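Visitor: Encoded as structure tokens, here's the structure I'll be asking about.
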Amino acid sequence: MNMMSDPNAKRKDWLSLLAKSPAAKLSKLWTDLSIEPVHTVLRSPEIGGVMVRGRAGAVGAAFNLGEMTVTRASVKLSDGTVGHGYVQGRDKGHALHAALVDALMQTKMAAAIDTALLAPLRDGLKQGATDRAAKAAATKVDFFTMVRGED
Amino acid sequence: MYVAVKGGERAIDNAHAWLAEERRGDTDIPELSVAQIREQMSLAVNRVMAEGSLYDPHLAALAIKQARGDLIEAIFLIRAYRTTLPRFGGSNPIETQNMQCDRRVSATFKDAPGGQILGPTFDYTHRLLDFKLAADGEAADAPTAAPSQAPTPHIMSFLDREQLIQTEPTGEAVPDDLTRTPLELPASRALRLQSLTRGDEGFILGMAYSTQRGYARNHAFVAELRIGAVAVEMDIPELGFAIEIGEITVTECETVNQFQGSKTQPPQFTRGYGLVFGMTERKAISMALVDRALRWKELGEDNLGAPAQDEEFVLYHSDNIQATGFLEHIKLPHYVDFQSELELIRKLRREAQDNISREAAE
């Protein structure tokens, strides 16, 4: 499914970003927004495990690799919009913040939240990945052949 | 026979208090924080996550602190914690071809697309103690270069295109799970791989080494070893679509092995596979060799009677928590058991003595 045809692509994108971002950074950006949207908590933050799967030979049958910790929460805004948060790790605040952001991103506040909160998170993850990729690139082997000059 | 015994409570409480004090060590030395262990003992943390079968670096670091650095004890703590977690579901299989590789080497193709990327490796170090670290652990920033934009395809896919390598069969969408149903033999490959990836590193290494030394000889080339971050995606029922729920670092090893062909198949290379949480390449390579050895039956090879081909032997002895639980229980009180043994041996000796006396008298 490509981004153009998938109606859930945008929501999937921000939920994935919220799940992978550091809890502390999300918490700070949320505080900086200085908003207190009226909401009810549909599902209190709950810590659980997800069984991560791999494939035999990277392409074959699935197998269970091991679990990872995940925390989830759900909220409902006063206008009825429901938001869900599924985040890596065991930080309950992280899951609640993610659920609130998910809900607000479905309202007319979306553009403002995207600029003030999601963009810095996106930049942070991208920067982290780029930094590692740059160090990896510096360890790439350049083979050369010794010229023996036998002629 | 089990009987209730009372009376050890005070001794146990005091032993645990002393354990806590010994764990802390000399109080003139600053205490280790969990974050310090997580950041600076990261390969120990990775091993505890892999064999504890739970990806959570902070919890693994806490377990190492609590266990005074005894990694099997730390793995035990993680396994125990794991059982308390409600299972939210299973992820989609991770896509390792999309890995952001910190390291990626091939022992089979020098000019592999994507290149040979050494990453933060111990390879090519001289294994000499670095006394500078004893005085000062500060490191200079690592050099950087322009990040590669090109994809890093699996090297095996090139051999696959030429049909030089055995294809991997597909299987159940929801694989068998060791943590839900007891291991039964013969085990599916999915169960074998799950068992190997959480198995004891030392045991899997020993088994793998035995295949290299000639017990079920199966000369393996490391076609590819890659380490890096992959996203974990899961279907969320309340959303009706899949999202990424996190990102984990894994080590993947694919071996290519000799295969003479069988009655029904032309000669073709075969594969072994290792995939382990964290930066754990010794374990991933070992896993791939043992996986390959255990596949003798499905590949139509002979059973050479080697330990690494015996799935009962390998799978039932690779789990260090099961092993240590059974092994260490023999130090706990067996007073009544032993009392009966003692009485039995005294009785046998008495009878033997009586027989000797009787024979002497006759």
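Visitor: Suppose only helical runs count, i.e. DSSP H with n ≥ 4. What mean residue ellipticity at 222 nm does that imply for the protein assembly as shown under -39500 (n - 2.57) per run, divided by all residues and rounded to the nearest 500 deg cm²/dmol?
Guide: Result for the protein assembly as shown: -12000 deg cm²/dmol, rounded to the nearest 500.
Visitor: At a 10 Å Cβ-Cβ cut-off, how would you order B:Asp319, B:Asp141, B:Asp13, fewest neighbours first?
Guide: Ascending number of Cβ neighbours within 10 Å: B:Asp141, B:Asp13, B:Asp319.
Visitor: Which percent, to the nearest 5, of DSSP beta bridges fully inside chain B are antiparallel?
Guide: Around 95 percent of the beta bridges assigned by DSSP in chain B are antiparallel ones.
Visitor: What is the mean number of Cβ atoms from other protein chains located within 10 Å of the Cβ atom of each residue in peptide B:53-60, rounded to a whole number?
Guide: Taking all residues of B:53-60 together, the mean is 5.
Visitor: Reachable aspartates and glutamates from A:Lys135, Cα under 15 Å, same-chain residues fewer than 8 places away excluded?
Guide: B:Asp102, B:Asp141
Visitor: At what distance in nm do the modelled label points of B:Gln40 and A:Val41 sit from each other, each positioned 7 Å from its Cα along Cα→Cβ?
Guide: Result: 3.6 nm between the two label points.
Visitor: Magnitude of the Cβ-charge dipole of the protein assembly as shown, K/R +1 and D/E -1, about the Cα centre, nearest 20 debye?
Guide: Once rounded to the nearest 20, the dipole reads 520 debye.
Visitor: Follow-up. Based on the Cα gyration tensor of segment B:48-154, what are the three equivalent ellipsoid semi-axes, each the root of five times an eigenvalue, rounded to whole Å and given largest first?
Guide: Result for segment B:48-154: semi-axes of 32, 26, 13 Å.
Visitor: May I pose another question? How large is the charge dipole for chain B, taken about the Cα centre, if only the Cβ atoms of Lys, Arg (+1) and Asp, Glu (-1) carry charge, to the nearest 20 debye?
Guide: Dipole about the Cα centre, nearest 20: 600 debye.
Visitor: Among B:Lys331, A:Lys20, which comes first, then next, by fewest other beta-carbon atoms within 10 Å?
Guide: B:Lys331, A:Lys20
Visitor: Please compute the volume of the convex hull spanned by the alpha-carbon atoms of chain A and report it per residue in Å³.
Guide: That works out to 209 Å³ per residue.
Visitor: Between their Cα atoms, which of A:Lys20/A:Lys126; A:Lys12/A:Lys126; B:Lys6/B:Lys347 are more than 23 Å away from each other?
Guide: Exceeds cut-off: B:Lys6/B:Lys347.
Visitor: Given the options B:Gln258, B:Gln40, B:Gln66, which has the most mean-square fluctuation in a GNM of chain B, springs set between C-alpha atoms less than 10 angstrom apart?
Guide: Per the Cα network of chain B with a 10 Å cutoff, B:Gln40 tops the list.
Visitor: Next question. Which shape class applies to segment B:9-82: rounded if a/c is under 1.5, otherwise prolate when a/b exceeds b/c and oblate if not, where a ≥ b ≥ c are the square roots of the Cα gyration tensor eigenvalues?
Guide: Oblate, since a/c reaches 1.5 and b/c is not below a/b.
Visitor: Moving on. Restricting to DSSP loop positions (anything but H, G, I, E, B) with no more than 12 other Cβ atoms inside 10 Å of their own Cβ, which chymotrypsin sites (Phe, Trp or Tyr not before Pro) remain in segment B:73-125?
Guide: The qualifying sites are B:Phe122, B:Tyr124.
Visitor: I want to verify a result. In a Gaussian network model of chain A, Cα cutoff 10 Å, which of these has the top mean-square fluctuation: A:Gly124, A:Gly60, A:Gly83?
Guide: A:Gly60
Visitor: Give the distance, in whole Å, between the Cα centre of segment B:1-63 and the Cα centre of segment B:298-362.
Guide: If we compute the Cα centre of each part, the gap is 32 Å.
Visitor: Let me ask something else about it. Which value in Å is the Kirkwood Rh of segment B:140-262 over different Cα pairs?
Guide: Final number for the Kirkwood radius of segment B:140-262 is 18.6 Å.
Visitor: Within a 10 angstrom radius of the beta carbon, how do B:Asp136, A:Asp13, B:Asp354, A:Asp131 rank from fewest other beta carbons to most?
Guide: Ascending Cβ contact count within 10 Å gives the list B:Asp136, B:Asp354, A:Asp131, A:Asp13.
Visitor: Given a 10 angstrom Cα cut-off, can you work out which residue in A:Gly57, A:Gly49, A:Gly128 is the most mobile in a GNM of chain A?
Guide: Largest GNM mean-square fluctuation: A:Gly57.
Visitor: Now for a separate question. Could you work out, residue by residue across B:286-293, how many beta carbons of other chains sit within 10 Å of that residue's beta carbon, and then give the average as an integer?
Guide: 0
Visitor: Moving to a separate point now. Distance cut-off 32 Å, Cα to Cα: go down the list A:Lys10/B:Lys283; B:Lys110/B:Lys132; A:Lys25/A:Lys108 and report the pairs above it.
Guide: Violating the 32 Å Cα-Cα cut-off are A:Lys10/B:Lys283; B:Lys110/B:Lys132.
Visitor: With a ≥ b ≥ c taken as the square roots of the eigenvalues of the C-alpha gyration tensor of segment B:280-359, please select rounded if a/c is under 1.5 and otherwise prolate if a/b is larger than b/c or oblate if it is not?
Guide: Oblate, because a/c is 1.5 or more while a/b does not exceed b/c.
Visitor: Mind checking the angle between helix B:42-52 and chain B's longest principal axis? C-alpha axes, 0 to 90 degrees, to the nearest 10.
Guide: Value to nearest ten degrees: 70.
Visitor: If you consider only alpha-carbon coordinates, what radius of gyration and Dmax does segment B:269-313 have, in Å?
Guide: Reported Rg and Dmax, both Å: 11.5, 35.
Visitor: Give a quick list of trypsin sites (Lys or Arg not before Pro) in segment B:1-100 that DSSP marks as loop, anything other than H, G, I, E or B, with at most 15 other Cβ atoms within 10 Å.
Guide: Within segment B:1-100, the qualifying trypsin sites (Lys or Arg not before Pro) (loop, at most 15 other Cβ atoms within 10 Å) are B:Lys6, B:Arg68.
Each reported figure results from applying straightforward, stated rules to the coordinates on display, with no laboratory input. If you're wondering where the values come from, they're calculated on a predicted model, not measured in any experiment. Note: ideal-geometry Cβ built from the backbone for every residue, glycine included; neighbour counts use all protein chains shown.
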